[in-house]
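The values are calculated or read from the model by the stated rules, or taken from the named source; none is laboratory data. Everything numeric in this text was worked out from a predicted model, so none of it was measured. Here the Cβ positions follow ideal geometry from the backbone for every residue, glycine too, while neighbour counts run over all protein chains shown.
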Amino acid sequence: MSDFTSLITRAEALLARLEAVLPHPLTAPDWSASIAFRYRKRGQGGVLEPVRHIAPLKLADLKEVDTQKERLLRNTAQFVAGRPANNVLLTGARGTGKSSLIKACLNTFADQGLRLIEVDKADLTDLPDLVDLIAERSERFIVYCDDLSFDEGESGYKALKSILDGTIAQTSDNVLIYATSNRRHLLPEQMKDNLGATYTDDGDMHPGEAVEEKVSLSERFGLWVSFYPFSQREYLAIVAQWLRHFGVDEPAIEAARQPALLWALERGSRSGRVAYQFARDYAGSHAAIPATASAAISDDVPDGLDHV
């Protein structure tokens with residue numbers, strides 16, 4: 001009898017070890033726990049984790065991107081209202097507000113049922129399971145991929161390509177893909193790609209298959225929103241906006257003009273991110289700021305503003 005009990009114990013231990021390495025089906029989280037979720041790999045399976053602290057960004061916080069703001073806001077409003085809307089690719093200069101604009105749209109439409117799921121590019125192979133899980137939900141979901149780009153041969157590339165516009169099954173109308181990238185076509189563009197081009201007698205060039213493959217993913221996003229480097233005037237306007245956010249008075253903001261330009265020169269960029277980083281440094285080091293404002297710098301600044 002003891003041998004039988006020992007055998008059962010060993011069998012149970014073996015099954016427990018097998019269960020740990022076998023893939024598990026994706027299960028639904030507590031949807032009421034948050035308006036945003038992260039998809040994370042755990043062993044061979046994946047889980048949706050609620051984001052407990054959402055960056056309280058507002059559309060009014062984002063300056064000098066009015067055209068981009070209007071286009072993304074209109075598309076998101078159509079989606080939330082149940083009208084036709086497009087998957088969106090936000091591309092362009094770094095630090096100009098691509099990620100922050102998506103977060104601000106989430107906060108704007110959360111009360112109307114908009115939800116966001118952040119997926120890392122390494123986990124995009126699980127995107128079909130994720131879409132199936134939320135297909136019957138009443139909420140509207142944005143699947144968000146930040147800083148998206150692919151190297152040659154990465155598996156997530158084809159998974160995303162199929163979900164956007166390539167599978168035999170129609171993607172649920174309560175799901176859109178919003179992605180940000182510094183690459184317009186999401187893949188590295190190399191000189192050797194032009195070797196596949198052919199030329200006709202009249203001089204026309206026909207791109208080779210390598211080039212066609214590179215643009216085939218980005219063109220499946222129905223809406224492209226492009227961001228451009230800020231001018232000096234735009235950069236200084238963003239600096240002033242963040243200094244006001246940190247409680248700096250107007251005379252000090254005017255005095256910060258030259259230090260802000262020097263800061264940008266040292267960083268080699270006049271982006272919104274650089275403007276925000278300067279404002280944090282300037283506000284934190286200025287004795288003229290009241291103690292309450294100083295406390296707000298560490299306590300009230302929304303998480304994720306470094307993506308502005």
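Suppose we filter Val225, Val248 for residues that are under 22 Å from Gly92 (Cα atoms) and of a type in the set (Val, Ile, Thr); which single one remains? It would help to see each step written out before you state the result.
Values: Val248 fails: under 22 Å from Gly92 (Cα atoms).
None of the other options fit; the residue is Val225.
Listed conditions (1) in the same structural domain as Asp146 (by TED's automatic domain parsing); (2) modelled with pLDDT under 90; (3) of a type outside the set (A, V, I, L, M) are all met by Gly284, apart from (1). Within the set Leu72, Leu89, the sole residue that is among the hydrophobic types (A, V, I, L, M, F, W, C), in contact (Cβ under 8 Å) with a residue 60 or more places away in the chain, part of a helix (DSSP H, G or I) and assigned by TED's automatic domain parsing to the domain that holds Glu219 turns out to be Leu72. The residues in segment 44-58 that are touching a helix residue (DSSP H, G or I) at 6+ places or on another chain (Cβ under 6 Å) and either outside the structural domain of Val143 (by TED's automatic domain parsing) or among the small types (Gly, Ala, Ser) (or both) can be counted, and the count is 2. Evaluated against (1) in a helix (DSSP H, G or I); (2) out of contact with any helix residue (DSSP H, G or I) (no Cβ under 7 Å at 6 or more places or on another chain), Arg115 falls short on exactly one condition, (1).
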